[in-house]
Every structure is written in structure tokens, then in C-alpha cells.
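The values are calculated or read from the model by the stated rules, or taken from the named source; none is laboratory data. Everything quoted here is computed from the prediction, not taken from an experiment. Note that each Cβ is placed from the backbone with ideal geometry, even for glycine, and that neighbours are counted across all protein chains shown.
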Amino acid sequence: MAFEKLQPTEVFKWFEEICRIPHGSGNLKKISSFLVKFAKDRDLYVRQDNDLNVIIKKPGTKGYEKHAPVILQGHMDMVAVKEKDAKINMEKDGLDVKTDGEFVWADKTSLGGDDGIAVAYCLALLDSKKIPHPPLEVIITTNEEVGMDGAMALKCDDIEGKRMINIDNEEEGVMIVSCAGGARFHGYLPLTRENKSGIKVKIRVKGLQGGHSGEMIGKGRGNANVIMGRLLLEITDALEVGIISLNGGVADNAIATDCEAELLLMGLASQMHGNIVGPDVSFFSLFGKLSSIAYKVESDFKAELGSRDPGLSIVVEEVHEKTLEPEKTDISNMASVNLDSSVDTFTETHEKREVVSGVIPCAEVIELARCICAMPYGVQSMSSSIEGLVETSLNLGILKIVSSQTGAVEGKGAASQSAGTMDEAFLLDYSVRSSVAPAKEALLRKMEIIIEGFNGIFEVTGEYPGWAYAEKSELRDTMAKVYKELYKKDIRIEAIHAGLECGLFSEKIDGLDCVSIGPDMQDIHSTGEKLSVASTKRTWEYLCEVLKAL
């Protein structure tokens, strides 16, 4: 066991067990069944609903039997992200977890500390015969990361508690008491495919830090999908290119770290009336121009991002026809390329054109690029009442091609007379957040207008309410008092821009008194995610002391 020497052993034991079970959003049958078996093995009350949410109840320990129940709440799904060269199948394989004693992480993937650590805390409490506590009602929801679907569907008829501790915060010493509401915006742009003649190339935006779009959007980090949009706009100003494939990002609420497009390089933009690279324009000249544009866009964004996201890299690759193996080209020296020269030293393989089927024509690539660039992105407004708090934002988390065979391509839009479908489309998937409901609605309407302007259709799903600050909260006061007694300092009481399930449960359970806590985590929703071991221990001790006081 990788974590057998980590403290608290009773928590890391269960966290490692959870990491062995694949549990990305939408892939939760195994982890949900594991939780049900855990409860049944201990003769605890358990209910699993059709959405795979799990509720487990445990009576209060001696002296706490008649105390009011306490709800402990978290979610079982994780944002499953992996590096390009990772061999793991995150649908089937457990994580390759690592530790240096200070942090815990997973090799080349996200860790799922958000929110696996909440599940581990809950299992440790349910398994314990020594820790004093009131009656516990543990609610573990599904698909929180893709719209809070589980919490939305969950019926709470068997929940008696009116005090809830949500364990989905990623900063120790902070008690969250309010959060933003949000929605998912799915924009679909029409596309067609044709047979085209040219030479295949790949272009990839990579090296960005990413992170949770609620917590990190205010940090000004780069988004690979947004950068790809601007890159395609610059490319199509100079060159005729078609798209063969496009894939960027993994989740609407994760800032995209990587975006890759396979392009067909066909000619100069001035030659777009024809579909074949003219004999007077060598492949090297076109490739040099493409690489020079990539270098310029990379330089521009590095200047814009500065130290906020210094790892940005744009890689241009030649795809050889015979092997279809890409050959990476360093674009760092391309600024000095003479783009008008014709170089005869390239092999015949480089110069040989091929007729490729299923190419999205350049006119539609231009429309995609313009739409991405026209769409708002990032922080739209800051709170006027809480210094430093983002009020309204949006994140382009997914940019890819979808078809009716792989999923629904339908929505509303003027071009479709209020509703329509497409056989295949470019998907622009956004997470929209705001702590002010009218601001969220206004932003969504703006996005709808832009999509309609590009003959697209849209769908808004997964809307969830914000969580309003409660002027009076006995739970908040008690937990603040316990923290002060333990650490001789005040806990910070804050609102966050990210969405929490607390808002939904506040609507479902009348009179719910709710807070959110958690241990220190870094770069959640990314392959750089880390969980602090020492913070996990302190947060565990704090949680146990809070339960004693309730």
C-alpha cells in the first residue's frame, strides 16, 4: 500500500481504496456499489437511488444517541484528466498514486482528491468504533463535476438532519458559507465534410496549468481551447486549411490545458478559389508560414499570460503520408524563416499531396475561429461587496467535434427555428458561473445571440442555484469556536466563485444550516493535482472535534 505510513491511517486507508476504483464522472457504478457494500457489511442503513447516489446512516455513539443528526456530504465522482502519453485507461484502471510524505498525487493523471477525500473522511467515521459523534447521515452524490446531476435528482425524504457539513472545499482554515450559481452552455456550430487535396499537419496547444474553472478563473491562466481559436483565426488569415479532427479539454469546469487539431494544409488564403496547392508554392513554404504563425501566437500569449502560465507551448507537426507518424518541428526558430523561398531539400514524402476524405472546409474553420474569438471568456465582473471575489465568469472547457452517433447534437437557435438537430457539429462547451442570478442570465443570453449569429444552435443544462449567506448559523458559530480553541486563531469565513451542492440541498431541506470545509489541495481538475498530507490530518482532527461539540 502506497499510503500505509501516512497519518491519519484510518483516512488514507480508504482514500487509497477509492483511488483503486475508476470513478470519473459518468463512470460511477463500481464506486457506488462499493459504498453500498461497505454499509451493508457494517449493518448500517443504506439507500442507493437510480442515479447511484448513496445515503448511509449511523447511530450516535454512547452519550450522543439523542443528539440532532449531522449530515456529512461530498461527491463520489472526479474530473478524470490524464497527460497525453499516459497509458492508463481511466474508464477501467485505478490511479497510480504516489506520495513523498508531504503530498499525495497520481502519476500523469488527476488525483480525485476533489472529492475523494470527503468520501474517505466519511468512511473512516462510519467505520470507527472509537470516535464520539451524533447520529450521522452521510450523503455521497454522483456527477457533481458535470452539472450536479446526482444532487438535483436526489430525494431527501429519509434525511432528518438540519445541520450539514459539506466537505468539498480545497483550502484548510477556510469555512465556505456562500457560493455562486451556474449552468452549462453547449454551443453547436454546423459543419460539413468534403474530399480535399493537400498535406496533413498537426498543431497542438499544450503546457498550460489548467485547474478548476471556479477557483482558478480569477488567476488569469491560459485556456488551450481559447488559444486554439485565436490560432485558427490567424492561420486562416494567411493559409487555406481544413480540419480533419479537433479535440480540446476534458470537462466544462476544468480550464483546458491541451488542444490538438489535425489540419489539411492546402494553399495560401489567396488561392482559396482552388482546392489544390499550386505547383509554385512548395510545402516547405506553406509549412514555414504555418510555423511562423504558431510562433507569433505563442509569443503573443506568453506576453499576455506572463508568469501566470509560463509553460505554454504550441507544437507544429508534419504527418508523413507513408507512416502517418508525426515529426515534431521546433517553432522557436521559425521567426526567421523566409516564407517566400522554395526549399528543394525536403523529401518527396513531404511534397506529395494526397486526397483526403472527410475534411471540414476552410470557410467553416473560419466561422469556428471567429465564433470562439467573439465569445466572452474568463472573468466578466468582480463582486462589489466582497473584495477579490469573482462575481461572473465563463470557461470554454471542451472544444471538439461531435456527431449524432456519439451523442445528442440538438438545441435551440434562430437558425433552427427555435429548435433543431445536426448530424455533426463543432461543440463549444462552457461552464457559466455567477453569484448574481440576473448577471448569469444576461451572460447566457449574450452567448445564445453569438451562437445564433454563426448559424449555430445551443442548449443550456445543469443549472444550479447559488447558496446565499445566512445571517444566523449555529453550526457556523460552533465550528468557528472549535477552530479557535484548537488553533488559537480565527477560521476565515468566505464565499467562493465555484459551485457547491450546498445551494441545492438548502432548497431540498427546509431550514438547513450548512457550511463547507476541506483540506489543502493544489491544482484540482488537472494532472498537477496534489493533496497535502499534513492538512488532511489537521482537517480530520478538526472534523472529529466538531462532531464532539455537536
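Observations, loosely collected:
- Any hit, region 258-269, residues being part of a helix (DSSP H, G or I) and at pLDDT below 95: yes
- Looking across region 417-475 at every residue that is in a loop (DSSP other than H, G, I, E, B) and free of Cβ contacts under 8 Å to residues at least 60 places away in the same chain, the one that is nearest to the chain's Cα centre (by Cα) is identified as VAL436.
- Residues of region 467-482 satisfying the condition of being surrounded by fewer than 16 Cβ atoms within 10 Å (Cβ to Cβ) and under 17 Å from LEU547 (Cβ atoms): GLU474, ASP477, LYS481
- The set of residues in region 188-213 being crowded, with 23+ Cβ neighbours inside 10 Å and assigned to a loop (DSSP other than H, G, I, E, B) consists of LEU208, GLY210, SER213.
- Contact map, region 16-37: residues that are farther than 15 Å from GLU91 by Cβ paired with residues that are modelled with pLDDT under 95 and assigned to a loop (DSSP other than H, G, I, E, B), Cβ distance under 8 Å, separation 6+ or inter-chain. Pairs shown: GLU16/MET1; GLU16/ALA2; GLU16/PHE3.
- Residue in region 523-550 that is surrounded by the fewest Cβ atoms within 10 Å (Cβ to Cβ), counting only those that are modelled with pLDDT of 95 or more and under 19 Å from the mean Cα position of the chain (by Cα): LYS530
- Annotation: of all residues in region 142-187 being assigned to a loop (DSSP other than H, G, I, E, B) and of a type in the set (S, T, N, Q), the one that is farthest from LYS508 (Cα to Cα) is ASN169.
- VAL533 vs. criteria assigned by TED's automatic domain parsing to the domain that holds ARG163, under 24 Å from LYS82 (Cβ atoms) and not acidic (Asp, Glu): yes
- Some residue of region 52-73 being of a type in the set (Phe, Trp, Tyr) and either closer than 30 Å to ARG476 by Cα or within 21 Å of the chain's Cα centre (by Cα) (or both): yes
- Meets criteria (without any contact (Cβ under 8 Å) to a residue 40 or more places away in the chain, in a loop (DSSP other than H, G, I, E, B) and aliphatic (A, V, I, L, M)) for ILE88: yes
- Residues in region 29-53 that are in contact with a Ser or Thr (Cβ under 6 Å, 6 or more places away or on another chain) and at positive phi: LEU52 alone.
- Of all residues making up region 129-162, the number that are over 30 Å from ALA254 (Cα atoms) and touching a helix residue (DSSP H, G or I) at 6+ places or on another chain (Cβ under 7 Å): 5
- Members of region 25-73 found to be farther than 20 Å from ILE117 by Cβ, in contact with a Pro (Cβ under 8 Å, 6 or more places away or on another chain) and of a type outside the set (Val, Ile, Thr), listed by number: LYS57, PRO59, GLY60, LYS62, GLY63, TYR64, GLU65, HIS67, ALA68, PRO69
- Across region 225-239, not a single residue is classified as of a type in the set (D, E, K, R) and at pLDDT below 95.
- Looking only at region 60-82, and only at residues there that are in contact with a Ser or Thr (Cβ under 9 Å, 6 or more places away or on another chain) and either basic (Lys, Arg) or not in a loop (DSSP other than H, G, I, E, B) (or both), the one that is farthest from CYS544 (Cα to Cα): LYS82
- Number of the exception - THR347 against (1) crowded, with 17+ Cβ neighbours inside 10 Å; (2) modelled with pLDDT under 95: (1)
- LEU504 outside any helix (DSSP H, G or I) and assigned by TED's automatic domain parsing to the domain that holds GLU485: no
- Number of residues in region 10-67 that are of a type in the set (Ser, Thr, Tyr) and over 30 Å from LYS82 (Cα atoms) equals 3.
- Filter result for the condition that a residue is crowded, with 22+ Cβ neighbours inside 10 Å and in contact with a helix residue (DSSP H, G or I) (Cβ under 7 Å, 6 or more places away or on another chain), over GLU234, GLU240: GLU240
- Of the listed requirements (1) within 30 Å of LYS489 (Cα to Cα); (2) assigned by TED's automatic domain parsing to the domain that holds CYS371; (3) not acidic (Asp, Glu), TYR188 misses just one: (1).
- Subset of region 15-59 [crowded, with 19+ Cβ neighbours inside 10 Å, part of a helix (DSSP H, G or I) and of a type in the set (S, T, N, Q)]: SER32
- Filter result (in a helix (DSSP H, G or I) and crowded, with 22+ Cβ neighbours inside 10 Å) within region 98-124: GLY113, ASP114, ASP115, GLY116, ILE117, ALA118, VAL119, ALA120, TYR121, CYS122, LEU123
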